1. Any chance you could look up the accessible area of F65 with a 1.4 Å probe, heavy atoms only, rounded to 10 Å²?
2. Among 131-141, 109-119, what's the highest-first ranking by average C-beta atoms within 10 angstrom per residue?
3. Taking the full set of protein chains and a 1.4 angstrom probe, give the accessible area of Y62 in square angstrom, rounded to the nearest 10.
4. I124 accessible area, nearest 10 Å², 1.4 Å probe?
5. Across the range 237-250, in residue order, what do the Karplus-derived ³J(HN,Hα) couplings come to in whole Hz, using 6.51 cos²θ - 1.76 cosθ + 1.60 with θ = phi - 60° and x for Gly and Pro?
6. Just how far, in whole angstrom, is the range 147-173 from the range 176-255 if you go by their alpha carbon centroids?
Amino acid sequence: MKVSVAVVVYSAIVTTFVGRVVASDVVPLQESTFVIEALSTENRLATIWILCTAPFPGQFPYLTFIENNGVVCNGALITPNYIVSVARGCLNRSTIKTAQHGTAILAFNNNMWEQRINLSASAINLYPYEDIALARLDYPATLNKHVQPIRLPKLSGSRSYVDMEGTTVATNYVRNRVMSNSECTKEHTYFNATNVDICTDRYIGGAFCSFFLGSPLTIEDENGVILIGLAIWISSCDNYPTGYARISPLRDWIHNNSDYKNQHCTC
């Protein structure tokens, strides 16, 4: 039953992106709470509470939806000209045939503030070895209170973020504890977390019930919000941790292949 409901919801969302012409055609998501029963593992809680909360306008101004030849995924705006996302299932060049097949949607479903900007296959830069990519927009995004770039970790940053509260956002958002990689690998049967990965604990905060690869993971410090990961392994509404591509080891590459400059980062 859970799988069937998830598939229906995902199909409806994809249809919304592919077939919609104006933002007002879509009814905004309503806040809802679900309880999903999970098997106990050692001393872990047996029930996961999932709070699927729709963001309010301007709450996550960096969030980018990417409509790519029928595929819908997420990313983050890092400058007015560039978005960062994952390659697999999102910005892989082979799935973008023309500029019209790649569209970045900023301030999605926010009516007059929504921006739709095309991107072409030639404007996509895939990291050679890891599952991350940059895309240059056909023209700069217009920045306002609903559309703003996000900061990246410092070039010299070495924080692990373990035990900090991380926020993951797509059409809904959830806040979870960031796990250690060893803990993540132990609890996830199919995901081996390495130094280029980061994970969040679904038992502390709830499951991220979304299918959107590239969904941004952020933390907040005294200077504001920082992008620390992009979702690469989402296990729908089950008990496994969510896996992300860790931004900090790839920060040099992003800096060298985009117009993200040092002054954007005071973190």
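1. Accessible surface of F65 is approximately 10 Å².
2. Highest-to-lowest ranking by the protection proxy: 131-141, 109-119.
3. Per-residue accessible area (Y62): approximately 10 Å².
4. Here the accessible area works out near 0 Å².
5. 9, 10, 8, 6, x, 8, x, 10, 6, 7, 6, 4, x, 9
6. 10
The values are calculated or read from the model by the stated rules, or taken from the named source; none is laboratory data. Remember, it's a predicted structure, so these values are computed and weren't measured experimentally. Here Cβ is always computed from backbone atoms with ideal geometry, including for glycine, and neighbour counts include all displayed protein chains. Note: areas computed on protein heavy atoms with side chains; ligands, DNA, RNA excluded. Shrake-Rupley method; radii C 1.70, N 1.55, O 1.52, S 1.80 Å.
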